[in-house]
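What follows is a set of notes on a single structure, which appears directly below.
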Amino acid sequence: MRVLWISNIIFPELCNKIGIPAPVVGGWMQACAKALLDKNGKLTLGVVSFYNGNNIKIFRDSEIQYYLVPEHTTISKVYDKKTEDYLKQVCTDFQPDLVHIHGSEYGHSLAMAKACNNINMIVSIQGLVSVYKNYYYGGLSGRDILSHITVRDILRQDSLFDQKRRMAKRGEMELELLKSVNHVIGRTSWDQSCAWAINPKAHYHFCNETLRDGFYQHTWELKSCVRHRIFLSQGQYPIKGLHQVVKALPIILREYPDTEVYVAGNNFYSNIPLYKKNGYANYIEKLMDKMGVTEKFHFLGQLNEENMIGQYLKANVFICPSAIENSPNSVGEAQLLGTPLVASYVGGTMDMVENGVSGFLYRFEEVPLLAQRVCELFANQDLCIKLSEQERMVAAKRHDKNVNAEMLIKIYNDIVSC
């Protein structure tokens, strides 16, 4: 069987071949591809990624045939007819039995559906921007947004209002895509309900995700972590909920004054000229100053797989404070390692975390409850250990490489045979 994947990232393996920096996100897709090929040696896999170039580039190795396709779109990542034409060339060259589109969020996914509409096709739901747009402000009021708009936002037409409009535009393309396909893959009750609401005729296939290899090889231990250290995997735009942690921290500090918060990603608000600073950064900087917690936040820069693992292992608690998520890989990574976690009860996290058993849940709006959950874990070492053990058990089952590869192969076979 010949299967062609459409990916939002360039695989790290290909990045190494062509001498460009590997992305710090999306490495789970390469892990999934490896597990799939290990499970079925008769499968031929092609992977399409997108780059800012002028020609289709093809790279062949013993396991995967890579295609780099030019994509000249705006920051909105909207559908582009030129991209569709390039993808028709890829389909003609590779001759797939099935096309697997990973993610519905970007215009190139719709372009592929249009390019290969007579081929067996399936879309994996990652996030759903047509739904995420409703949560984009992360609870910030219109007054919050307006009062923190910067010169940069105006010159670039890139305020939070503009960003939400662009997400809504991508959401329109996503709806067109999902309404046009007969098969979708998902992994939570939330994405299943959303897919059903959008296209009740599409067949929903359940398949969990395989995570990056390193997360299967390490285990969090209480004795090795830094007590009262909090870790967040990202936080540079409001949907990820960094501001909720800022609001909760004064309560946590009242009980544990030595608490420190570490965030993956660059410091996007401090020592940046106003003409380069966006509105959310402006809001965060002023909120931290108001709460008196500026010195408690530490930004770690872009972290590769090894460094991300190190941060999970150092943390006493991992927080996922998002306004909306489907099944955040960060939660799966924390659970697989066993880092005690607190996550907002949004989207598909209810399927990943059983409150008080494999993590703690709280409503996104309930800042005092977030603070209380963290303090409870800081106070109770036995609870941390118990939670860690349960997290590892449920995550090992959910992210089992062999089971997930077998399930994906079965889905492919079912679609092609029909």
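Of all the numbered requirements in (1) part of a loop (DSSP other than H, G, I, E, B); (2) open to solvent by 40 Å² or more (accessible area, probe 1.4 Å), PHE268 misses one, and that requirement is (2). Filtering the range 114-132 to residues that are touching a residue at least 40 places away in the same chain (Cβ under 8 Å), in contact with a strand residue (DSSP E or B) (Cβ under 8 Å, 6 or more places away or on another chain) and open to solvent by 10 Å² or more (accessible area, probe 1.4 Å) leaves ASN120, MET121, SER124, GLN126.
Among residues of the range 197-210 that are farther than 30 Å from ALA396 by Cβ, those with a beta-carbon under 7 Å from a residue that is open to solvent by 20 Å² or more (accessible area, probe 1.4 Å) at least six positions away or on a different chain give the pairs ILE198/LEU175; ILE198/LYS179; ASN199/LYS179; ALA202/ASN182; ALA202/HIS183.
In this structure, is VAL263 among the hydrophobic types (A, V, I, L, M, F, W, C) and touching a residue at least 40 places away in the same chain (Cβ under 8 Å)? For VAL263, the condition - among the hydrophobic types (A, V, I, L, M, F, W, C) and touching a residue at least 40 places away in the same chain (Cβ under 8 Å) - is not met.
Restricted to the range 145-157, and to residues there that are in contact with a helix residue (DSSP H, G or I) (Cβ under 7 Å, 6 or more places away or on another chain) and open to solvent by 20 Å² or more (accessible area, probe 1.4 Å), the residue that is nearest to MET288 (Cα to Cα) is HIS148. Tally the residues that are closer than 17 Å to TRP5 by Cα and free of Cβ contacts under 8 Å to residues at least 60 places away in the same chain, restricting the search to the range 396-413. So the answer is 1. Taking the range 328-380 as the range and being free of Cβ contacts under 8 Å to residues at least 12 places away in the same chain and farther than 25 Å from GLU221 by Cβ as the test, the residues that pass are GLU366, LEU369. Counting the residues of the range 143-192 that are touching a strand residue (DSSP E or B) at 6+ places or on another chain (Cβ under 7 Å), of a type in the set (Val, Ile, Thr) and under 28 Å from TYR345 (Cα atoms) gives 2. Going through LYS290, LYS277 one at a time, which residue ends up being buried (at least 17 other Cβ atoms within 10 Å of the Cβ) and either without any contact (Cβ under 8 Å) to a residue 12 or more places away in the chain or among the basic types (Lys, Arg) (or both)? The unique qualifying residue is LYS277.
In the set ILE230, ILE154, only one residue is among the aliphatic types (A, V, I, L, M) and either closer than 25 Å to TRP28 by Cβ or not in a helix (DSSP H, G or I) (or both); that residue is ILE230.
Taking the numbered list (1) in contact with a helix residue (DSSP H, G or I) (Cβ under 8 Å, 6 or more places away or on another chain); (2) buried (at least 16 other Cβ atoms within 10 Å of the Cβ) in turn, LYS179 passes all entries but (2). If we scan the range 201-209, do we find a residue that is closer than 27 Å to GLN30 by Cβ and modelled with pLDDT under 95? Yes, the range 201-209 contains at least one residue that is closer than 27 Å to GLN30 by Cβ and modelled with pLDDT under 95.
Where helices (runs of 4 or more DSSP H) sit wholly within the range 1-101, those with at least 3 residues that are open to solvent by 10 Å² or more (accessible area, probe 1.4 Å) and touching a residue at least 60 places away in the same chain (Cβ under 8 Å) occupy 27-39. Residues of the range 325-333 include none that is more than 14 Å from the chain's Cα centre (by Cα) and at pLDDT 95 or above. Kindly indicate the residue of the range 135-144 that is free of Cβ contacts under 8 Å to residues at least 12 places away in the same chain and assigned to a helix (DSSP H, G or I) and also surrounded by the most Cβ atoms within 10 Å (Cβ to Cβ) among those meeting that condition. Taking the candidates together, the pick is GLY142. For TYR204, the stated conditions hold: it is in a strand (DSSP E or B), hydroxyl-bearing (Ser, Thr, Tyr) and closer than 27 Å to HIS102 by Cα.
Scanning the range 158-177 for residues that are acidic (Asp, Glu), farther than 22 Å from ALA197 by Cβ and not in a loop (DSSP other than H, G, I, E, B) gives a single hit, ASP162. The set of residues from the range 199-231 being surrounded by 20 or more Cβ atoms within 10 Å (Cβ to Cβ), touching a helix residue (DSSP H, G or I) at 6+ places or on another chain (Cβ under 6 Å) and among the β-branched types (Val, Ile, Thr) comprises just one member, THR210.
Selection of helices (runs of 4 or more DSSP H) fully inside the range 321-418 by the criterion of at least 3 residues being open to solvent by less than 20 Å² (accessible area, probe 1.4 Å) and either basic (Lys, Arg) or under 30 Å from LEU37 (Cβ atoms) (or both) returns 329-337, 401-417.
The values are calculated or read from the model by the stated rules, or taken from the named source; none is laboratory data. Please read these numbers as outputs of a predicted model, since none were measured by experiment. Neighbour counts are summed over all protein chains in view; Cβ atoms, including those assigned to glycine, are modelled from backbone coordinates with ideal geometry. Surface accessibility is based on the protein's heavy atoms, side chains included, excluding ligands, DNA and RNA. Shrake-Rupley method; radii C 1.70, N 1.55, O 1.52, S 1.80 Å.
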